[in-house]
Structures are given as C-alpha cells and as structure tokens.
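Beneath this line is the structure, given in structure tokens, with notes to follow.
The values are calculated or read from the model by the stated rules, or taken from the named source; none is laboratory data. None of these values were measured; they are calculated from a predicted model. Here Cβ is always computed from backbone atoms with ideal geometry, including for glycine, and neighbour counts include all displayed protein chains. Note: areas computed on protein heavy atoms with side chains; ligands, DNA, RNA excluded. Shrake-Rupley method; radii C 1.70, N 1.55, O 1.52, S 1.80 Å.
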Amino acid sequence: MFPATAMPDPGWWHTLWPNPEGVIRSLGIRSSMTVVDLCCGDGYFTAPLAAFVKGKLYAVDLDRAMLEKAQAEVEHVGASVRQWICADARDLAKLVPEAVDFVMIANTFHGVPDKAAMARSVAAALTPGGRLGIVNWHQLPLEETVILGQPRGPKTEMRMSPEQVKNIVEPVGFELEKIVQFPPFHYGAVFRRKEDSDEHIT
C-alpha cells in the first residue's frame, strides 16, 4: 500500500463526492475512450467510470481486497470492466495489453513513492496525445479540510500544489492541459502526452 492511501468511510466519501460522473466528465473523459482507473481502491469512481465508458476500462490496484470491493461495486451498477489487474501501478505499461486514451488516478498520487516513475509508465501506456488525469487534495492544512465535523484527507505535508504535480509529470513526456477545480477541497490536473514523448519513456 502507498502511504496514507487507506480508503475512507463511505459516508463522508459520498458527502465529498456526491457526483462522481460529473468529475469524470469534467476531467475530459468521453464515453468513446478506453480508460485505466489507476489505484482504483474500493471502486467509488470505478463503477460510474465503467458504466460511462461501457466497459472499456482497466482497473488497477495493488490491494486484492480493494479490487474485490471495486468489482462488487461495478456489478452492483450493472457495468463491466475489461480487466481487473492486481499489481504495482508503476508497472502499468507492462500490464495493460493495449494503448489507452486516458488514465485517471484519484486521491492517491500524493502517496506514490516514485511519482515520476509512475507518470513515465502511464505515458508509455497511453496513445500519442492520450491524457493523464490526477485528482488531488488542495495543499491546505489538514485541520482546514473538515468533512462531517472532522478533518479528513492525507497529512498536510503530503499534499501537493498543481505546480508541484506539474514539475514532476511534465518532464517525463507530458504537458499540462488544464486544471479543473472540484470544490471544496480538490482539483484535477489533466496532462496530455506529447506526440514525441517516446524519447522520454523508452
């Protein structure tokens, strides 16, 4: 498990993210795309994402128990996933059998030990011009991100600004396309794989 990436209680998670499909659309994911839900956890975003792209989804997590929960969530909404993958997310390019259009990682990037290596692997798994969408907590003190009466989210020192994320991701073959705000405490950074990024990821 990556540091500080335990799944939250479903009650406050739903309070924080009442419309997960809206998040998916705001990041720029389209129903025609083939997508990876990277570090999918218990499936809170996986289920609506699988339904939205009509099964053209790969779900990846290091924790088999989390994958089983995510699978149950997907089945509950009557959707499907092309492949469930229990493995280290940093090996993504070796795990997914086809180039994909979009990789989404929500609320986990801050805890990845080698963020550049993960981003490089994502670049190798994407089609030229494919996108990486990273949903992060804003760089606010933990005591300021209060949900249902309690401070929630990762430790203050683990939180990342959009500029910090950009400085890690862009050098391995991406360019920042847009920042999307997800009030009250999150943002999404969407990166586009450079057409010539093969030179960075071989």
How charged is the neighbourhood of Arg131? Take every other residue with its Cβ under 11 Å from the Cβ of Arg131, and add Lys/Arg as +1 and Asp/Glu as -1.
+1
Taking a cut-off of 14 Å, what percent of all Cα-Cα pairs in the stretch 71-154 are separated by more than that?
72
Between the modelled labels at Asp114 and Glu195 (7 Å from Cα along Cα→Cβ) the distance in nm is 3.1
Taking Cα centroids, how far is the stretch 78-99 from the stretch 134-181 in Å?
24
Per residue, how many Å² of accessible area does the stretch 44-202 show with a 1.4 Å probe?
44
In nm, spacing of pseudo-spin labels at His14 and Ser32 (7 Å Cα→C-beta vector)
3.5
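Can you give the local net charge around Ile179? Use residues other than it whose beta-carbon is closer than 14 angstrom to its beta-carbon, Lys and Arg +1, Asp and Glu -1.
Working: positive: Arg131, Lys166, Lys178, Arg192; negative: Glu163, Glu170, Glu175, Glu177.
Overall, the nearby charge balance is 0.
Which of rounded, prolate, oblate describes the stretch 7-165, given a ≥ b ≥ c as roots of the alpha-carbon gyration tensor eigenvalues and a/c under 1.5 marking rounded, otherwise prolate only if a/b is larger than b/c?
On the way: a/c = 1.65, a/b = 1.24, b/c = 1.33.
The shape class here is oblate.
What's the carbon and sulfur percent of the stretch 77-202's accessible surface, probe 1.4 angstrom, rounded to a whole number? Can you show the working numbers first?
On the way: 2670 of 5590 Å².
Carbon plus sulfur share of accessible area: 48 percent.
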Label points 7 Å out from Cα along the Cβ direction at Ser161 and Ala93: separation in nm?
3.0
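Classify the stretch 120-165 as rounded, prolate or oblate from the Cα gyration tensor: take a ≥ b ≥ c as the square roots of its eigenvalues, call it rounded if a/c is under 1.5, otherwise prolate when a/b beats b/c and oblate if not. Write out the running numbers ahead of the final one.
Numbers: a/c = 3.74, a/b = 2.75, b/c = 1.36.
The shape class here is prolate.
Report the relative contact order of the chain, percent, no decimals, based on alpha-carbon pairs under 8 angstrom and at least 6 residues apart. Walk me through the numbers before you get to the answer.
Values: 407 pairs, mean separation 38.3, N = 202.
Taking the mean separation of contacting Cα pairs over the length of the chain, I get 19 percent.
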